[in-house]
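The values are calculated or read from the model by the stated rules, or taken from the named source; none is laboratory data. Quick caveat: nothing in here was measured; it's all calculated off a predicted structure. Positions of Cβ are backbone-derived with ideal geometry, glycine not excepted, and every protein chain shown enters the neighbour counts.
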Amino acid sequence: MENSKPKLNLAVYWAAACGGCCVSVLDVHEKLFDVVAAANLVFWPIALDVKYSDVEAMPDGFIDVTLFNGAVRNTENEHMARLLRKKSKVLVAYGSCAHLGGIPGLANLSTREEIFKRVYDECESTVNPDQLRPLTVSSVGEGSLTLPEFYNDVRSLGQVTAVDYYLPGCPPQTERLLEVFMAIVSGASLPPAGSVIGASGKAQCDECTRLKSENKQISRFLRPYEIYDDGITCFLEQGVICLGPATRAGCGVRCVKGNAPCRGCYGPLEDVKDPGSRMMSAISSVIDAREAEEIEKIVENLVDPAGTFYRFSIPSAMIRRKVL
Amino acid sequence: MKQLTIDPITRLEGHGKIEIFLSDEGEVDNVFFQVPELRGFEKFLEGRPAEEVPQIVTKICGVCPGCHHMASGKAVDMIFGLQPTATAAMIRELFYMAHFVHSHIAHFYALAAPDFVCGPDTPKAERNILGVIAKVGADIGTEVIRQRRLAQEIQALLGGHQTHVMLNIPGGVRKGLTAEQRDDIVKTAGGFVEFARFSLRIFEDVVLANKDYVDMILQGPYKLRLYSMGLVDSNNHVNFYDGHVRVVDPDGREHCRYQAVDYREYVSERVETWSYLKFPFLKKVGWKGFTEGNDSGVYHATPLSRLNAAEGMATPLAMAEYNRMFSVIGVKPVHNTLAMHWARLVELLYSAERCLELAMHPDITGSDLRTPPDGIAGEGVGIVEAQRGTLTHHYWTDEKGLITRANIIVGTTNNNAAICMSIKKAAQGYIRKGVTVDEGILNRIEMAFRAYDPCFSCATHSLPGNMPMIVNLRSSSGELLRQIRRDL
């Protein structure tokens, strides 16, 4: 074989995730054979039968690269985050949930008890007269059963353990993953720890081909269903909130190509403390008004600011709980 | 009392745990299948603008995102009081058929086939998709990946991205099809039909021609007499995108046939302290515990239940295969859990044929993609068949169209009680006093579970076809007596 280099030990793990990140890895399709030729997949629950106990048995630093997707929602997620940190030379927060908290992070707009109450008591098809809740330890006739503890807060991976790189996206675009993977395999020098990889330093707007005028100004916000998108004009210029100006490029502007405005899953342009406020200030800079009263009137049309500007990043916000 | 713990089950969407309690005599006393995860979408959808929700709920599951997008899109249409245009409805269904093709292909080849093509007692290292390829030839492996890729590409073309799609907008779709794109899909869908027929031939040659397998399917401890649920069209033919939900009792008599908006008349969910996942049951029959038969409200919502609940398929080749399945098994409804694999292939053929039919429809390239918005009605219910069961999304909004309440019954959730019971039956059938619990027995227990293609099992989209287990044999004091491992 021409490849004399030792194969990389690669792991992929999901915590509080939907599985879409793992599917983005599977979507290498026929290139899967190239990946397998260059790396030993040592742990990947969606595809491989390796147990937690096998990971525990690995020497520290045994895994070269772990792609960790999903947020940290319960005790099991946190345990795995810490364990994989210990076992991995390079820990990558893969996808929006590990990067910023992601969609599951929207749960931080409520408390654990509010979530349990809705799901287990109030849901309109649920019958639960005794107001039972899932318990970490339950006694059944035959013995006892355990469940992980559901935390009050969702956290990103970086809030639980040290992360080497962030590979953003919901899910990350498979081509970006392959580029990063091939760079690692070829032995290219890696950027400084803490960097965002697999994404551009430019904004979505820089890659977007929709028509925009030099000096765009918005005098009224509209919701996506309120316009007849012409398919060619910048969403902001059509009055629809699009987070393209403040969001990193890298996805191939896929939402806009699907005729939907950007919702910011690739995260803010720079490594900012509060991604949502960065998004908000980018949008406010294109409001066509100077008087406070006028601005207020325009902003009034803006429904659900928390869920829009912080769609993927509530756990990473300065105030990580319900503020609005 | 001894306790067997199978934990964690890999290749689950989320994580799963099976607890088997043995009596002091070594017989199976009880089995619990636990889902240790919750994210709480029903709560955090509150406050979101309704038109954003179809894009948010795809994040419930990255394996079947298209199902949530469709059920949600239909619920949101209703919130805005809109019906999609004819072209929009066809584009949605076309997308959805590609979603089914990709999922059913992956499940059969990566998950089901290893047990049959390689055999349930084949050493674990060979009992996977690679083992299947070794038996049937490398060309087929490449072809499986290629067909799944083509199905993903159709979804990406229409939905912007193959996983987290953004096709639906209230009253229609964001994107139409050009004649050229249509021509490509016609060609691809023709290939899907051929590949589905080929897959049924493999099932015929490998499974049906082997008496041991037929005996295992028909006589093994894989039988549950449950109610069967599925979405049907006006002819009571299987439909995945739209129609009425029909439920037949274990004898095949119609129990109910309801519209999406009436689901709460027929389905309720209960809570157990030992699982984060709720347990739906048929409201009019009632919850009688984890028991089977006509008096128990436990039902299943799977490829097999859909075929049981319907009176046929809407496309000709799938109809012939539907008739063949019931005539070979010789009874309807079929209650043999492992027949779900056969039913899934009949559905694969239907999805492929329907995909082709829609692509060839003259109006599929129409430009009328949206019904104009007209006020906010404030409540909407959308039901589709997900690959893994009937999926219901129900939302209420305020006058601005912001969500005030959300209720969701996910495909696999329907089967929560049935899965527990199937695992218990298989465990009782194979774990007996004096029998050593080995690898092969673990796999046979697992097969009961795998047939459902549970959504927490992303196994659907996985490579090797079996699930590792650690079984801890514990004394009643919790002391570890023996451990059986099955790892790579």
Legend entry - Failed condition for A:A246, given (1) touching a His at 6+ places or on another chain (Cβ under 8 Å); (2) outside the structural domain of A:M80 (by TED's automatic domain parsing); (3) aliphatic (A, V, I, L, M): (1)
Inset, instruction - Assess whether A:P171 counts as being buried (at least 17 other Cβ atoms within 10 Å of the Cβ), at the interface with chain B (Cβ under 8 Å from one of its Cβ atoms) and at pLDDT 95 or above. - result: yes
Legend entry - Options A:L91, A:L41: the member that is within 13 Å of another protein chain (Cβ to nearest Cβ) and outside any helix (DSSP H, G or I): A:L41
Inset, instruction - Only residues in segment B:130-159 that are within 13 Å of chain A (Cβ to nearest Cβ) count as the first member; pair them with residues that are assigned to a helix (DSSP H, G or I) and of a type in the set (D, E), Cβ under 7 angstrom, at least 6 apart or cross-chain, and list the lot. - result: B:I145/A:E30
Legend entry - Residues of segment B:285-331 classified as touching a residue at least 24 places away in the same chain (Cβ under 8 Å) and touching a helix residue (DSSP H, G or I) at 6+ places or on another chain (Cβ under 6 Å), total: 15
Legend entry - Enumeration of residues in segment B:26-44 that are under 21 Å from A:C123 (Cα atoms) and either free of Cβ contacts under 8 Å to residues at least 24 places away in the same chain or within 8 Å of another protein chain (Cβ to nearest Cβ) (or both): B:Q34, B:P36, B:E37, B:L38, B:R39, B:G40, B:E42, B:K43, B:F44
Inset, instruction - Give the residues of segment A:140-166 that are without any contact (Cβ under 8 Å) to a residue 60 or more places away in the chain and more than 7 Å from chain B (Cβ to nearest Cβ), sorted by residue number. - result: A:G141, A:S144, A:T146, A:N152
Inset, instruction - Any chance you could count how many residues in segment A:294-324 are modelled with pLDDT of 85 or more and of a type outside the set (G, A, S)? - result: 11
Legend entry - Subset of segment B:355-388 [of a type in the set (G, A, S), over 30 Å from A:L109 (Cα atoms) and within 30 Å of the chain's Cα centre (by Cα)]: B:A359
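Table: residues versus (1) without any contact (Cβ under 8 Å) to a residue 12 or more places away in the chain; (2) on the phi < 0 side of the Ramachandran plot; (3) in contact with a helix residue (DSSP H, G or I) (Cβ under 9 Å, 6 or more places away or on another chain); (4) not assigned by TED's automatic domain parsing to the domain that holds A:A16.
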site: A:L269; (1), (2), (3), (4): no, yes, yes, yes
site: A:G276; (1), (2), (3), (4): no, yes, yes, yes
site: A:I287; (1), (2), (3), (4): no, yes, yes, yes
site: A:R290; (1), (2), (3), (4): yes, yes, no, yes
site: A:D304; (1), (2), (3), (4): yes, no, yes, yes
Inset, instruction - Just name the residue that is nearest to A:P134 (Cα to Cα) out of those in segment A:80-117 that are of a type in the set (S, T, Y) and crowded, with 18+ Cβ neighbours inside 10 Å. - result: A:S110
Inset, instruction - Could you check, for segment A:232-248, whether at least one of its residues is in contact with a Leu (Cβ under 9 Å, 6 or more places away or on another chain), in a loop (DSSP other than H, G, I, E, B) and buried (at least 22 other Cβ atoms within 10 Å of the Cβ)? - result: yes
Legend entry - helices (runs of 4 or more DSSP H) wholly inside segment B:352-452 containing at least 1 residues that are in contact (Cβ under 8 Å) with a residue 12 or more places away in the chain and surrounded by fewer than 18 Cβ atoms within 10 Å (Cβ to Cβ): B:416-430, B:439-450
Legend entry - Failed item in (1) in contact with a His (Cβ under 8 Å, 6 or more places away or on another chain); (2) in a helix (DSSP H, G or I); (3) not hydrophobic (A, V, I, L, M, F, W, C), with B:G62 passing the rest: (2)
Inset, instruction - Within segment A:118-139, work out how many residues are facing chain B (nearest Cβ under 7 Å), surrounded by fewer than 16 Cβ atoms within 10 Å (Cβ to Cβ) and more than 22 Å from B:G286 (Cα to Cα). - result: 1
Legend entry - Residues of segment A:188-217 classified as surrounded by 11 or more Cβ atoms within 10 Å (Cβ to Cβ) and β-branched (V, I, T), total: 2
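Take A:N69 and tell me if it is in contact with a Cys (Cβ under 7 Å, 6 or more places away or on another chain), within 12 Å of chain B (Cβ to nearest Cβ) and either at negative phi or in contact (Cβ under 8 Å) with a residue 12 or more places away in the chain (or both).
Answer is yes for this residue.
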Inset, instruction - Filter segment B:56-74 down to residues that are at the interface with another protein chain (Cβ under 7 Å from one of its Cβ atoms) and under 20 Å from A:P261 (Cα atoms) and give me whichever is surrounded by the fewest Cβ atoms within 10 Å (Cβ to Cβ). - result: B:I56
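For segment B:243-265, which residues satisfy the criterion of being surrounded by 19 or more Cβ atoms within 10 Å (Cβ to Cβ) and either touching a residue at least 60 places away in the same chain (Cβ under 8 Å) or at negative phi (or both)?
Within segment B:243-265, B:V245, B:R246, B:V247, B:V248, B:D249, B:P250, B:H255, B:C256, B:A260, B:Y263 meet the criteria.
Take B:P303 and tell me if it is away from chain A (no Cβ under 14 Å) and touching an Asp or Glu at 6+ places or on another chain (Cβ under 7 Å). Give the derivation first.
Details: away from chain A (no Cβ under 14 Å): yes; touching an Asp or Glu at 6+ places or on another chain (Cβ under 7 Å): yes.
Considered against the rule, which asks whether it is away from chain A (no Cβ under 14 Å) and touching an Asp or Glu at 6+ places or on another chain (Cβ under 7 Å), B:P303 comes out as yes.
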Inset, instruction - Inspect segment B:259-274 for any residue being over 30 Å from A:G141 (Cβ atoms), within 14 Å of chain A (Cβ to nearest Cβ) and of a type in the set (F, W, Y) and give the result as yes or no. - result: yes
Legend entry - Subset tally (residues that are polar (S, T, N, Q) and in contact with a Lys or Arg (Cβ under 8 Å, 6 or more places away or on another chain)) for segment B:398-419: 4
Legend entry - Single unsatisfied condition, A:R311 versus (1) charged (D, E, K, R); (2) out of contact with any strand residue (DSSP E or B) (no Cβ under 9 Å at 6 or more places or on another chain); (3) over 21 Å from B:K400 (Cβ atoms): (3)
Inset, instruction - Among what's in segment B:75-106 and is touching a Phe, Trp or Tyr at 6+ places or on another chain (Cβ under 9 Å) and charged (D, E, K, R), pick the residue that is farthest from the other protein chains (Cβ to nearest Cβ). - result: B:E93
Inset, instruction - Have a look at A:C255, A:C251 and point out the one that is modelled with pLDDT of 95 or more, in a helix (DSSP H, G or I), assigned by TED's automatic domain parsing to the domain that holds A:E300 and not β-branched (V, I, T). - result: A:C255
Inset, instruction - State which residue is nearest to the chain's Cα centre (by Cα) when the search covers only segment A:132-153 and only residues that are among the aliphatic types (A, V, I, L, M) and closer than 16 Å to B:E37 by Cβ. - result: A:L147
Inset, instruction - From A:V12, A:V65, A:V50, grab the single residue that is crowded, with 19+ Cβ neighbours inside 10 Å, at pLDDT 90 or above and either within 19 Å of B:P36 (Cα to Cα) or more than 17 Å from the chain's Cα centre (by Cα) (or both). - result: A:V65
Inset, instruction - Go over the candidates B:D212, B:D183, B:D205, B:D121 one by one and state the one that is of a type outside the set (S, T, N, Q) and at pLDDT 95 or above. - result: B:D183
